[in-house]
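Chemist: Please find one structure pasted underneath; my questions will follow.
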Amino acid sequence: MQKTYTNPVYDYRRSPDQDATSTPHHPVIIVGAGPCGLAAALDLALQGIPSVIVDDNNTVSVGSRAICFAKRTLEIMDRYGCGERMLAKGITWQRGKVFFQQEQVYEFDLLPEDHHKIPAFINLQQYYFEEYLVDRVNEFAEIDLRWKTRVTEVATGEDQTSISLTTPDGDYRITCDYLLVADGANSKIRDMLGLESKGQVFQDRFLIADVVMKADFPTERWFWFDPPFNPGQSALLHRQADDVWRIDLQLGWDADPEEEKKEENIRPRLQQMLGDEVEFELEWASVYTFQCRKMDNFIRDRVIFMGDAAHQVSPFGARGANGGVQTVENLAWKVARVLRGEAPPQLLQTYNDERQHGADENIRNSTRSTDFISPKNHISRVFRDETLKLAKNYPFARSLVNSGRLSLPCAYTDSPLITPEQDDFAGPLCPGTVARDAPCQIGTEPGWLLNQLGNRFVLLVDLGMPRADDLKQELQALADLPDLDIIGVCPAGMEQPAAADFPGLLISDSSGVIAERYDLQPGSSYLLRPDQVVAARWRDCSASNVKQALRKALGFELENAA
Amino acid sequence: MSTSHNSTSHLNSSHLNTAPNFSDADGFYAALTDAHRELDRDQSERLNARLILLLANHIGDSTILQEALQVASELER
């Protein structure tokens with residue numbers, strides 16, 4: 001059926017580990033080469049940590065599956081070096097329509113904010129997303145990706161984890177310091193360890209179909225509530241790469257998945273949905289149910305769960321893969337620093353603290369969308385329907401219409417790693433939030449601020465200081481810290497100091513957008529974590545404040561930390 | 001202002017006002033029941049839903065809306 005994409009087949013290769021005389025040991029083994037497992041390996045490699053990935057299959061996602069990738073995910077991909085390829089292939093859209101029963105209720109235009117490298121989101125089939133990650137992974141000698149390799153046994157301990165593997169030519173065993181698990185919603189590793197992911201099962205089924213339109217069709221997202229072609233249910237249409245359109249049809253709990261998947265049953269529905277005159281070809285179809293659930297603790301001994309294995313959401317709002325990649329980014333820099341002995345092991349527990357908070361937020365948002373799309377009782381349906389009726393003429397009601405809220409990164413404001421706000425700043429970039437992008441100039445070359453951040457701690461400091469000598473002294477006291485780079489921001493119109501005199505990278509804020517987004521004044525400084533999260537900010541730059549916030553961000557002030 | 005005992009002293013904008021506030025209480029009540037007079041139960045339910053949504057948006061403030069929900073829910077227990 002599928003014509004626009006052929007799944008690559010990756011070769012199984014015998015690993016030297018299979019012929020080792022004693023059990024080989026690796027710092028990190030990752031289970032699962034999906035979006036999260038591949039992302040974890042890349043993030044670790046960028047921070048100097050080698051890893052082994054094992055996957056029981058030998059290809060990428062079969063079917064389009066996750067298709068909406070949010071800005072934050074793409075910023076992370078850009079840090080990994082595969083964001084631009086995804087942007088080039090993906091579809092950016094900003095217009096949409098909402099229908100209720102027979103008629104169009106309203107249309108919208110998302111009007112994106114200027115001065116960001118990455119758009120709010122793109123639509124891209126999961127197989128492309130994974131394929132580009134695999135290609136990037138193959139560029140790193142530090143990453144050993146082993147296809148057709150399945151975990152059959154896990155033994156956890158306080159000091160190390162041991163796993164048994166089976167392959168097309170035999171079984172073997174390896175050990176690791178940390179086992180990172182990204183083997184999906186029905187995680188086998190989770191089962192092997194007797195752990196559970198708990199939450200809510202939704203009694204509903206959805207049909208997803210990818211179709212290729214033969215004629216032009218607008219690049220818009222169309223969402224129907226209770227349409228004539230699917231009475232009492234919902235439907236969604238939006239565009240992916242290669243002129244493939246994704247259709248999601250709510251079926252209800254009583255639908256027979258095998259019957260609904262048949263082309264002769266899908267076709268008439270879609271024809272009614274798209275209009276009689278539209279010709280299309282069916283590429284792929286699947287029926288799914290979903291759950292919102294998570295593990296109580298994402299960590300057991302030295303086994304750490306990520307992505308759908310750790311937390312699962314309904315598809316509305318695209319928070320599965322997006323939330324998953326954000327868990328990975330939160331974890332990777334911590335694992336790297338603990339392995340290098342630069343942070344206490346307690347730092348890893350904050351992965352659980354920070355990402356439980358993220359998972360709660362994602363589950364809450366996707367559950368709210370689900371409840372709006374399929375109301376759970378009579379009065380909920382009344383409110384839903386009346387909201388849609390009001391939305392036609394009254395813009396306020398459109399703010400209540402919830403067919404999925406865009407995935408935004410959560411704020412770790414209450415995390416024990418974050419130095420609480422003490423100074424007076426305007427704007428949303430408080431400690432615990434993810435840095436915002438802005439254009440900058442490096443020498444004579446235009447660039448982007450986010451491309452200068454990440455993988456190590458960064459102190460971003462506004463150089464428009466009247467007493468430049470004092471600032472220079474503070475910065476010199478920080479220049480030798482191995483995990484901290486200094487980036488000096490020269491305000492618009494200021495002449496750059498000589499590069500040789502400055503203990504870091506100089507960038508120009510020629511458009512003034514950095515100053516605006518970060519509410520910079522002369523001497524204002526931000527400490528940014530390797531995951532681009534603001535760890536602390538001050539109106540003045542003081543070396544002792546920075547050192548203390550850095551200690552805190554690395555977990556040295558956690559209970560029982562050495 | 002803090003020692004004043006007139007009715008505006010507890011009219012804090014971030015809390016639900018449960019003191020009389022109608023410019024024409026009887027008139028509103030009559031208009032409300034009139035609006036429902038010709039409707040069956042199902043239509044009335046829909047009218048009430050629209051009314052709640054319109055008024056809730058006009059209030060907007062989450063604290064006030066939460067307090068109203070709480071007061072209304074408590075009477076059912």
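The values are calculated or read from the model by the stated rules, or taken from the named source; none is laboratory data. A quick note: this is a predicted structure, and the numbers were derived from the prediction, not measured. A quick note on method: Cβ atoms are made from the backbone with ideal geometry, for glycine too, and the neighbour counts reach across all protein chains shown. Quick note on the areas: whole protein, heavy atoms, side chains included, nothing else; ligands and nucleic acids left out. Shrake-Rupley method; radii C 1.70, N 1.55, O 1.52, S 1.80 Å.
Chemist: Round to a whole number: what % of the accessible area of the range B:7-74 belongs to carbon and sulfur, probe 1.4 Å? It would help to have the intermediate numbers written out before the result.
Modeler: On the way: 2870 of 5260 Å².
Exposed carbon and sulfur together represent 54 percent of the surface.
Chemist: With the full set of protein chains in place, find how many percent of the accessible area of the range A:332-476 is carbon and sulfur; take the probe as 1.4 Å. Intermediate values should be presented prior to the final figure.
Modeler: Details: 3200 of 6210 Å².
In the range A:332-476, the share of accessible area belonging to carbon and sulfur is 52 percent.
Chemist: Moving on to the next point. For the pairs A:97/A:392; A:97/A:376; A:148/A:188, note any where the Cα-Cα span goes beyond 20 Å. Numbers along the way, then the final one.
Modeler: On the way: A:97/A:392 11 Å; A:97/A:376 24 Å; A:148/A:188 15 Å.
Going by Cα-Cα distance, A:97/A:376 fall outside the 20 Å limit.
Chemist: Using unit Cβ charges (K, R positive; D, E negative) and no other charged atoms, how large, in debye to the nearest 20, is the dipole of the protein assembly as shown about its Cα centre? Can you show the working numbers first?
Modeler: On the way: 63 positive and 94 negative charges, 79 e Å.
Once rounded to the nearest 20, the dipole reads 380 debye.
Chemist: Follow-up question, since we're still on this one. Restricting to bridges with both residues inside the range A:439-553, how much of the DSSP beta-bridge set is antiparallel, in percent to the nearest 5? Each step should come with its number before you reach the end.
Modeler: On the way: 13 of 24 bridges.
Here the share of antiparallel DSSP bridges comes out near 55 percent.
Chemist: At 0.36 nm per residue, and after removing the present C-alpha to C-alpha distance, how many nm does the segment from residue A:399 to residue A:114 gain when stretched out fully?
Modeler: Values: separation 285, 0.36 × 285 = 102.60 nm, distance 2.26 nm.
Stretched fully, the residue A:399-residue A:114 segment lengthens by 100.3 nm.
Chemist: In nanometres, what is the gap between the two model label sites at residue A:264 and residue B:66, each 7 Å from Cα along Cα-to-Cβ?
Modeler: Between residue A:264 and residue B:66, the label points sit 5.7 nm apart.
Chemist: How much of the DSSP bridge set in the protein assembly as shown is antiparallel, in percent, rounded to the nearest 5? Walk me through the intermediate numbers first.
Modeler: Working: 68 of 101 bridges.
The antiparallel fraction comes to roughly 65 percent.
Chemist: Report residue A:415's accessible area, 1.4 Å probe, all protein chains in place, as a number in Å² to the nearest 10.
Modeler: Its heavy atoms expose roughly 10 Å² to the probe.
Chemist: Something else: Only sites in a loop by DSSP and with at most 12 other Cβ atoms within 10 Å count here; which GluC sites (Glu not before Pro) in the range A:193-260 make the cut?
Modeler: Values: sites: A:196, A:220, A:258, A:259, A:260; in loops: A:196.
Of the GluC sites (Glu not before Pro), the ones in loops of the range A:193-260 whose Cβ has at most 12 other Cβ atoms within 10 Å are A:196.
Chemist: Right, here's the next one. Rg and Dmax of chain A over Cα atoms: what are they, in angstrom?
Modeler: Cα radius of gyration and Dmax of chain A are 24.9, 77 Å respectively.
Chemist: Using only protein heavy atoms and a 1.4 Å probe, how much accessible area in total is buried between A and B, to the nearest 100 Å²?
Modeler: Numbers: alone 23350 and 6950 Å², together 29330 Å².
Rounded to the nearest hundred, the buried surface is 1000 Å².
Chemist: With every protein chain kept in place and ligands, DNA and RNA left out, what is the accessible area per residue of the protein assembly as shown? Probe 1.4 Å, answer in Å².
Modeler: On the way: 29330 Å² over 639 residues.
Accessible surface, normalised per residue, equals 46 Å².
Chemist: If you add up the charges near residue B:53, with Lys and Arg at +1 and Asp and Glu at -1, over every other residue whose beta carbon is less than 15 angstrom from its beta carbon, what do you get?
Modeler: Values: positive: A:381, A:384, A:389, A:392, A:398, B:46, B:50; negative: A:385, A:386, B:45.
Net of charged neighbours comes to +4.
Chemist: Relative to the Cα centre, what is the charge dipole magnitude of the range A:450-522, using +1 at the beta carbon of each Lys and Arg, -1 at the beta carbon of each Asp and Glu, and rounding to the nearest 20 debye?
Modeler: Dipole magnitude for the range A:450-522 comes out near 120 debye.
Chemist: Moving on. Threshold 10 Å², probe 1.4 Å: give the residues of the range A:398-438, in number order, that are less accessible with all protein chains present than with their chain alone.
Modeler: At a threshold of 10 Å² (probe 1.4 Å), the residues of the range A:398-438 that become less exposed are A:400.
Chemist: The range A:433-485: which trypsin sites (Lys or Arg not before Pro) are DSSP loop and have at most 10 other beta-carbon atoms within 10 angstrom?
Modeler: Counting only loop positions with at most 10 other Cβ atoms within 10 Å, the trypsin sites (Lys or Arg not before Pro) in the range A:433-485 are A:467.
Chemist: In a Debye calculation with equal point scatterers on the alpha-carbon sites of the range A:346-454 and no solvent, what is log10 I(q)/I(0) at q = 0.11, 0.17, 0.21, 0.22 Å⁻¹?
Modeler: Summing over Cα pairs of the range A:346-454 leads to -0.63, -0.97, -1.10, -1.15.
Chemist: Have a look at A:18, A:518, A:425 and report the one farthest towards the positive end of the charge dipole of the protein assembly as shown, computed about the Cα centre with Cβ charges (Lys/Arg +1, Asp/Glu -1).
Modeler: Looking along the dipole axis, the top candidate is A:18.
Chemist: Please report the accessible area of residue A:538 (heavy atoms, 1.4 Å probe, ligands and nucleic acids excluded) in Å², nearest 10.
Modeler: 10 Å²
Chemist: If you don't mind, another one. What distance in nm lies between label points placed 7 Å from Cα along the C-beta direction at residue A:19 and residue B:42?
Modeler: A separation of 7.7 nm, rounded to one decimal place.
Chemist: Sticking with this structure for a sec: Using only the Cα atoms of the range A:439-553, what are the Rg and Dmax in Å?
Modeler: Here Rg and the maximum Cα pair distance are 12.8, 36 Å.
Chemist: Also: What do you get when you divide the Cα radius of gyration of the range B:7-74 by 2.2 N^0.38 Å, with N the number of residues? Before the final figure, lay out each step's value.
Modeler: Values: Rg = 14.1 Å, N = 68, 2.2 N^0.38 = 10.9 Å.
Computed over Cα atoms of the range B:7-74, the ratio equals 1.29.
Chemist: Give or take rounding to whole Å, what are the principal axis extents of the alpha carbon atoms in the range A:269-338, in descending order?
Modeler: 61, 22, 18
Chemist: Let me ask another. Here is the link list: A:71/A:294; A:89/A:261; A:334/A:552; A:71/A:389; A:261/A:389; A:71/A:117. Which ones come out longer than 21 Å on Cα distance?
Modeler: Working: A:71/A:294 24 Å; A:89/A:261 28 Å; A:334/A:552 13 Å; A:71/A:389 32 Å; A:261/A:389 32 Å; A:71/A:117 9 Å.
Flagged as over cut-off: A:71/A:294; A:89/A:261; A:71/A:389; A:261/A:389.
Chemist: Send over the per residue convex hull volume for the range A:1-86, Cα only, as a whole number of Å³. Could the numbers behind the result be given before it?
Modeler: On the way: hull volume 10.8 nm³, N = 86.
Convex hull of Cα atoms, per residue: 125 Å³.
Chemist: Say each of residue B:51 and residue A:559 gets a label point 7 Å from the Cα, pointing the same way as Cα to Cβ; how far apart are those two points in nm?
Modeler: That separation, rounded to one decimal, is 5.2 nm.
Chemist: With an 8 Å cut-off on Cα pairs and a minimum separation of 6 or more residues, tell me the relative contact order of the range A:439-553 in percent.
Modeler: Numbers: 207 pairs, mean separation 36.8, N = 115.
Computed over the range A:439-553, the figure is 32 percent.
Chemist: Give, as a single signed number, the net charge of other residues whose beta carbon lies under 9 Å from the beta carbon of residue A:524, with Lys and Arg counted +1 and Asp and Glu -1. Let's see the in-between values first.
Modeler: Details: positive: A:537, A:539; negative: A:423, A:462, A:519, A:540.
Once positives and negatives cancel, what remains is -2.
Chemist: Please give the Cα centre distance for the range A:461-516 versus the range A:311-336, rounded to the nearest Å.
Modeler: If you average the Cα positions of each part, the centres end up 33 Å apart.
Chemist: On full extension of the chain, what length is gained from residue A:229 through residue A:243, given 0.36 nm per residue of separation minus the C-alpha to C-alpha distance?
Modeler: Numbers: separation 14, 0.36 × 14 = 5.04 nm, distance 2.32 nm.
Going from the current span to full extension adds 2.7 nm.
Chemist: Farthest toward the dipole's positive end in chain A, which of A:238, A:126, A:59, given Cβ charges of +1 (Lys, Arg) and -1 (Asp, Glu) about the Cα centre?
Modeler: Towards the positive end, the residue furthest out is A:238.
Chemist: Quick check: residue separation of residue A:539 and residue A:444 times 0.36 nm, minus the Cα distance between them. What number comes out in nm?
Modeler: Values: separation 95, 0.36 × 95 = 34.20 nm, distance 2.84 nm.
The residue A:539-residue A:444 span can extend by a further 31.4 nm.
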